Structures are given as structure tokens and as C-alpha cells.
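Written out below as C-alpha cells is the structure these notes cover.
The values are calculated or read from the model by the stated rules, or taken from the named source; none is laboratory data. Worth saying up front: this structure is predicted, and the values here are computed from it rather than measured. Positions of Cβ are generated from backbone atoms using ideal geometry, with glycine treated the same way; all protein chains shown enter the neighbour counts.
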2 protein chains.
Amino acid sequence: METSNVIESFSALAQATRLDIFRLLVRQEPDGLPAGEIARQLSVPHATMSAHLSVLSRAGLVVSRRQGRSIIYRANLSHMQEAIRFLVRDCCAGHPEVCGPLAESLIGCTPNQDRE
Amino acid sequence: METSNVIESFSALAQATRLDIFRLLVRQEPDGLPAGEIARQLSVPHATMSAHLSVLSRAGLVVSRRQGRSIIYRANLSHMQEAIRFLVRDCCAGHPEVCGPLAESLIGCTPNQDRE
DNA sequence: TCCATATTTTTAGAAATATGGAAACATCAA
DNA sequence: TTGATGTTTCCATATTTCTAAAAATATGGA
């Protein structure tokens, strides 16, 4: 992943509504959710929601497909994975004391894991 | 870590100069670097640099200490670790297929690891 | 104290982003 | 084709962010 895309991705997630959208879509995997339903659940006007979805989409954090009149949005989990790898890469080479604990905390990752 | 702090952290990293600052400081761990030296290395005017450093500092991504006339900045690696954990948490509970590969990629983390 | 150095604060203009109503566009059913 | 539904685009306004010069503040040495 390139720097510009990483910045675009962080920028997309650095906004309360968009962070909510992304986390909602993560919970809806792998089915996704139509744009209108996302707007309804988060109480955001369609026009505003559409703008936010396009930001997330351009960053690559969500993908969409048309289904009849609806457009279904899904979280792009592998993209998020790439962005995180980018962030960790620098400390990884030289500071394994950071990545070690992080890796451990992911190892125990199970569907019903405690949420600290 | 709270949502507002996560947004603040992503927002801080979603800017080219600040991402460069943070990555530079990660490479300088654990010694850190004085503000003026960071400005020099990245060719950024001091006033601009100071503004960026204060954004990173407020987000908690860097910490500083005075040493004589200089102020030494260091990357706050554990803060970054927390931010990443927040981002991963949602998919972790329900989508271990994302966290599994991510964890594996961190396990092999050694000082001279390849950078893909 | 006075001066040089290091950094931050103040300030302000330019650019980018957020918001949401109204209109336009796309799809499907009758 | 007409109408209903779902979504996006257009547009204007409000807000935030970026940038960097100038001034202010902090420190240490002479």
C-alpha cells in the first residue's frame, strides 16, 4: 500500500460518522447493508451519507454493488489489514517489543473474545 | 482508548508531514529527536513543525521532554499499539479471518525483517 | 543583565471538508 | 409510460485545517 492511500484511509476514518459507518459495516460482514439503511441506522441525511460513503469508497475501505434499486455497501477488511500493516511496519523493523504484544493480543482472537 | 481519541489519532496521522514526522521518530526510538532537528530533516519551517508536533502530541502519538534549550520528541509506540487494537477489535470479534493473517505477519517480526 | 539559541504562540489568508435541501438519476412494477 | 423507491449529484453555507511569517517565551552562557 502506498503512502498516499494510507493517508487517504486514515483521513477517511478520522471522522466520527465515517468511523461509525465502517464499524457498522464490519459488524454486518459478509452481507453488507444498503446505503439508505446505513443512513437510517445512524440517523444521517441521505445526501450526507452518500458523501461519506464515497469518501470511504474512494479510500478503498468499503466496496459497493448494486442490487435492484439498492446499493449494498460492505467493509473491505483486507484493505484495513493492509493499512494496519503499513502502520506497524516501521516499528516492526527495529522495535519488535511493540509488535510482539500486538501480535499476542491478536492470537487469542476468537468470535466471543472479551473487549477489554 | 476512547473513540474521540482514536479519531484524533487517525486525524493526526492523516497528513503527509505528520505521518513523516511520526515514522521518523519511530526510527529514532528510543532516543528521540529535538524539534529543530526534525524540522531540518524534513525541510519544514519551525512554526509549521511546531504546529504539527502539537497535533501529534495532543493526540498522544508523541511525547516530549525539555533538555536544555531543546525539546526532545519521541514516538509513543504504546499509543499507536492501542489505536491499532481499537481498529482491529471490531473485526476480531466475528471475523478472525482478518486478525489471523495480521497476527501471523507480526509474529515473524524481527529487527531485520523484509519490508515487502 | 544582555545576548544567542530553541521553540511555541499568534495571526491570517488560502484551501479543504462537512452538511443537508433540492433536483437529477436509476431501477422496478404496474 | 407513469409512479414509487433508493441513491447520488449539485449547490451554498459553515467549519476546520494548513501554512508560515512575526512576535513572544524559555533556557543557558558570558
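Just a few scattered comments:
- Scope region B:85-116; condition facing chain A (nearest Cβ under 7 Å), modelled with pLDDT of 75 or more and more than 16 Å from A:Ser78 (Cβ to Cβ); matching residues: B:Arg85, B:Arg89
- Check on A:Met80, at the interface with another protein chain (Cβ under 10 Å from one of its Cβ atoms) and under 17 Å from B:Arg89 (Cβ atoms): yes
- Residue count for region A:8-34 satisfying the condition of being at pLDDT 95 or above, among the hydrophobic types (A, V, I, L, M, F, W, C), in a helix (DSSP H, G or I) and crowded, with 18+ Cβ neighbours inside 10 Å: 7.
- Just so you know, in region A:35-76 the residues that are within 8 Å of DNA strand C (Cβ to nearest atom) and under 13 Å from A:Ala12 (Cα atoms) include one that is surrounded by the fewest Cβ atoms within 10 Å (Cβ to Cβ), and it is A:Ala51.
- Just one of the listed residues (A:Leu87, A:Leu53) is in a helix (DSSP H, G or I), touching a residue at least 24 places away in the same chain (Cβ under 8 Å) and in contact with a Ser or Thr (Cβ under 9 Å, 6 or more places away or on another chain), and it is A:Leu53.
- Residue count for region B:63-77 satisfying the condition of being within 13 Å of another protein chain (Cβ to nearest Cβ) and either over 22 Å from A:Glu97 (Cα atoms) or touching a helix residue (DSSP H, G or I) at 6+ places or on another chain (Cβ under 7 Å) (or both): 3.
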